[in-house]
Every structure is written in C-alpha cells, then in structure tokens.
Amino acid sequence: MSAGGAFGGNRGARPVPPEKGVFPLDHMHLCDMEKKEYISCLKTSGHKSEICRHLSKKYLECRMAKNLMAKQDMSELGFGKEDNSEISKEESENGRMID
C-alpha cells in the first residue's frame with residue numbers, strides 16, 4: 001500500500017504559493033520589446049546577466065507600468081542605487097539629457 005499520492009506526493013499537504021505571488025503572463029505582448037532586448041543582450045553577452053541588468057530592470061518597470069505585476073520598489077527586486085547611476089552614465093554617453 002502507498003501512503004502518498006501520485007508520483008509519491010503527499011495528498012494531505014497543502015500547496016504553498018510563490019513568495020512574490022502570481023503575476024499574469026503578457027498575452028497582449030505589452031512588454032515584448034523590452035523582453036526581446038533583454039534576451040538579445042543575454043545571447044550576445046554569453047548569458048552574463050550582470051551585463052544586461054539595465055535591460056532586466058527596464059523589463060520589470062514595463063511590467064509594473066502595464067499592471068502585469070505588482071508595483072514594488074526596485075531595491076526589493078535586487079536593484080540598488082548603483083544600477084540607476086549605471087543607466088544615467090549610459091544615457092549621458094549616448095547624448096541623452098537627464099533631468
């Protein structure tokens with residue numbers, strides 16, 4: 001006799017929700033451009049995510065702006081003030097005005 005459920009699982013155990021909660025998928029492709037930029041950066045950098053952090057941040061900000069995930073402070077998502085200064089440095093190098 002088996003005491004567990006299918007595949008050895010325990011039928012009496014209650015599932016635990018993810019720590020950050022569930023967020024909807026981007027079915028309407030509202031943040032596709034940001035996602036594609038990030039994935040492209042990963043591919044060209046040999047999957048070194050630290051090089052593409054600014055694009056990851058941009059993608060998460062897009063998701064928050066379009067209500068595809070709960071709005072959170074970026075520091076709670078692993079982005080600190082140094083990440084903002086990196087983006088500012090890049091924008092100034094590209095000739096963009098920073099307010």
Original post:
If you go through the stretch 59-85, how many residues are open to solvent by 80 Å² or more (accessible area, probe 1.4 Å) and part of a helix (DSSP H, G or I)?
Top reply: 4
**OP:** Check the stretch 14-23 and report whether any residue there is open to solvent by 60 Å² or more (accessible area, probe 1.4 Å), aliphatic (A, V, I, L, M) and at pLDDT 90 or above.
**Re:** no
Original post:
What are the pairs, 6+ residues apart or on separate chains, where a residue within the stretch 33-48 that is free of Cβ contacts under 8 Å to residues at least 40 places away in the same chain has its Cβ under 9 Å from a residue that is open to solvent by 100 Å² or more (accessible area, probe 1.4 Å)?
Top reply: K35/H29; L42/K48
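The values are calculated or read from the model by the stated rules, or taken from the named source; none is laboratory data. Values in this document were obtained by computation on a predicted structure and should not be read as measured data. Neighbour counts run over all protein chains shown; Cβ positions are idealised from the backbone, glycine included. SASA here: full protein model, heavy atoms, side chains in, ligands and nucleic acids out. Shrake-Rupley method; radii C 1.70, N 1.55, O 1.52, S 1.80 Å.
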